[in-house]
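Down below is the structure, laid out as structure tokens.
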Amino acid sequence: MFGSAFLMFLGLVYLLWLLFGRKRNLYHVAARKIEKPVLSDGQLVGDFGEGFYLTDSKKLAFQWLDEFAQKEKLNSEELFLNVYRLKRIKKLSRLIFKDKTENWQNYINEKQGYGDEKHALVVGPAFTSDKKIMQYVLKTEEALGYIKYIKCLNINKLKKGGGIIDKK
């Protein structure tokens, strides 16, 4: 009985770790490695207005990469995928949309292309995706202090099977 209870306890701890303890990588496309971002590095206008955009989906990051390459008339192999993690954000003013609700749609229609003075971080589903892919936009320099640089991936080398340029 003791062994069964111990295994059940370990299983519960593992499930809790999966639900709450996993750290998500966030991806940002740029023309160079960005260890300490500032708003002018990644100032884009997207679904949630102006800000430094990240996504938790590598697939969406590659879509952004292709769009960025076409817009800047660059070869996609010249671009980099910077990988970050978001630290505890409880002190930030934030707006989080878990699903594509009416409030989410209203926010996109109202804020697209304009600054949002109230929120340092906006998180919500990507407009172009059907799946549960989230995009994060950091709107203030203070918010940028809450992301931790992990590594930089070179797209050209990534396609050939390598890719890590720098890992901290």
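Coordinate-derived values only; no laboratory data. Predicted model, so just to flag it, every value in this text is computed and none were measured. Neighbour counts are summed over all protein chains in view; Cβ atoms, including those assigned to glycine, are modelled from backbone coordinates with ideal geometry.
Going down the table (Lys71/Lys131; Lys98/Lys132; Lys33/Lys90; Lys59/Lys118), which pairs top 19 Å between alpha carbons? Where the Cα-Cα span goes over 19 Å, the pairs concerned are Lys71/Lys131; Lys33/Lys90; Lys59/Lys118. When Asp99, Asp56, Asp66 are sorted by how many other C-beta atoms sit within 10 angstrom of their C-beta, beginning with the fewest, the order is Asp99, Asp66, Asp56.
From least to most packed, judged by other beta carbons within 10 angstrom and beginning with the fewest, Met8, Met1, Met134 follow the order Met1, Met8, Met134. Exposure proxy shown here: for Thr55, Thr140, the number of other Cβ atoms within 10 Å sets the order, fewest to most, as Thr140, Thr55.
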